[in-house]
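See below for the structure under consideration.
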Ligand code: IPM
Ligand code: MG
């Protein structure tokens, strides 16, 4: 009996290894990043998601159509709504992303995605894989870039979270070997590590950043984290002008709350699970996960999203129209930057700072005592139309420091 369990587990493991080797081959084939300036038209797919998702996605779409009105008219940009990435439809097909939805997504160049509900054991839904995780894998979005900025505290961090492997790649493929034993797997590849570490260093070089820090638990998770760290140390040598150091994830969570140390961190590169955890902690300094945007970058596709969840309770309580769209708007800023509309991205970023942090003519509170998300996006558009936007932002930001 025990022997049967072991045999079954071995076969399962063998299949996982085959899948991983096939994935490595796919990664190796994809060498170059897409050049958006060479595309006749950039298709931006907008995926509403669940809960408050469709509400904040609608407002984000308004902002995109406003900022890109000329390009849309000229046929250079298309905004395309993609239906069906709802928990009801995913449950119906018993798939993290139903095939026909994935097909539509793959016809776009970049995706703006609202939050999607991730089921877990005991939920009324089948325990399917997270749509985020599945999309990152299906589109090979290997770099999860999450900036966190608190000017008054001199905090200006950019996290490069490895987004496709580590604990996540086989996260839904563990083995219940027997009633007594459950095993999960984590996988680190040379290709997968090199590309995320290089992305972090290239970003640092282009943006004149001084320091890259790798965060692992290589003292205990010796094989996979050890490999990640070793590769980071090697690649660091190619960037002698950038300081490199490494920390363990446990002490790193402490250092982020150490006021005497934290502002010296700059660019951080880390495996998937540590990146997941540390970026939530980091976003809290900036006002919580509701304020942070997240970019998921691959060579061919890129997806931009809010870092918070779908807040089903807000919908149940009839408060979805009061949900704060800022995090998704920050994702729009990153999307615009990514497809080379840097000035429009900057304008939206300034408008978000003015409306959400400085001027605050109206405030979104999540409840009926605050503004609705469509009132907030109207306020943003009014601010964007103001010819003194730049000056206003300068004045406010100087007054902050
Ligand atoms: C995130 C989220 C996701 C993750 C969840 C929703 C699966 O926490 O984007 O950080 O763990 O990556
Ligand atoms: Mg997370």
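Some notes on this structure:
- Condition check for residue 306: within 15 Å of ligand 2 (Cβ to nearest atom), over 21 Å from residue 137 (Cα atoms) and surrounded by 24 or more Cβ atoms within 10 Å (Cβ to Cβ): no
- Taking each residue of region 115-138 that is closer than 13 Å to residue 303 by Cβ and looking for partners that are assigned to a helix (DSSP H, G or I) and near ligand 1 (Cβ under 9 Å from one of its atoms) with beta-carbon atoms closer than 9 Å, six or more apart or interchain, yields 115/132; 116/131; 116/132.
- In the condition set (1) surrounded by 20 or more Cβ atoms within 10 Å (Cβ to Cβ); (2) under 13 Å from the mean Cα position of the chain (by Cα); (3) more than 15 Å from residue 110 (Cα to Cα), residue 277 is compliant with all but (1).
- In region 253-284, the residues that are within 16 Å of ligand 2 (Cβ to nearest atom), modelled with pLDDT of 95 or more and more than 22 Å from residue 142 (Cα to Cα): 253, 256
- Close Cβ contacts (under 6 Å, 6 or more residues apart or on different chains) running from residues in region 179-202 that are within 26 Å of residue 9 (Cα to Cα) to residues that are assigned to a helix (DSSP H, G or I) comprise 186/224; 187/20; 188/224; 188/227; 188/228; 189/24.
- Elements of type strands (runs of 3 or more DSSP E) contained in region 256-351, each with 3 or more residues being within 14 Å of ligand 1 (Cβ to nearest atom): 293-297, 302-306
- Tally of residues being within 12 Å of ligand 1 (Cβ to nearest atom) and modelled with pLDDT of 95 or more across region 146-163: 4
- Within region 285-298, the set of residues being more than 15 Å from ligand 2 (Cβ to nearest atom) and modelled with pLDDT of 95 or more comprises 297, 298.
- Picking from residues in region 85-111 that are in contact with a strand residue (DSSP E or B) (Cβ under 9 Å, 6 or more places away or on another chain) and surrounded by 15 or more Cβ atoms within 10 Å (Cβ to Cβ), the one that is nearest to residue 172 (Cα to Cα) is 85.
- Just one of the listed residues (75, 84, 45, 53) is modelled with pLDDT of 95 or more and closer than 17 Å to residue 141 by Cα, and it is 45.
- The number of residues in region 126-148 being over 21 Å from residue 191 (Cα atoms) and either within 16 Å of ligand 2 (Cβ to nearest atom) or surrounded by 15 or more Cβ atoms within 10 Å (Cβ to Cβ) (or both) comes to 8.
- Residues in region 344-361 that are more than 22 Å from the chain's Cα centre (by Cα) and under 15 Å from residue 384 (Cβ atoms): 354, 355, 358, 359, 361.
- Checking 292, 311 one by one, the residue that is touching a residue at least 40 places away in the same chain (Cβ under 8 Å) and either surrounded by fewer than 17 Cβ atoms within 10 Å (Cβ to Cβ) or within 26 Å of residue 217 (Cα to Cα) (or both) is 292 and no other.
- Residues (assigned to a loop (DSSP other than H, G, I, E, B) and out of contact with any helix residue (DSSP H, G or I) (no Cβ under 6 Å at 6 or more places or on another chain)) located in region 184-220: 184, 185, 207, 208, 209, 210, 219, 220
- Residue check, residue 17 exposed (fewer than 13 other Cβ atoms within 10 Å of the Cβ), in contact (Cβ under 8 Å) with a residue 24 or more places away in the chain and either touching a strand residue (DSSP E or B) at 6+ places or on another chain (Cβ under 6 Å) or more than 23 Å from residue 199 (Cα to Cα) (or both): no
The values are calculated or read from the model by the stated rules, or taken from the named source; none is laboratory data. Keep in mind the model is a prediction, meaning the values are calculated, not measured. For neighbour counting, all protein chains shown are included, and Cβ atoms are generated from backbone atoms with ideal geometry for every residue, glycine included.
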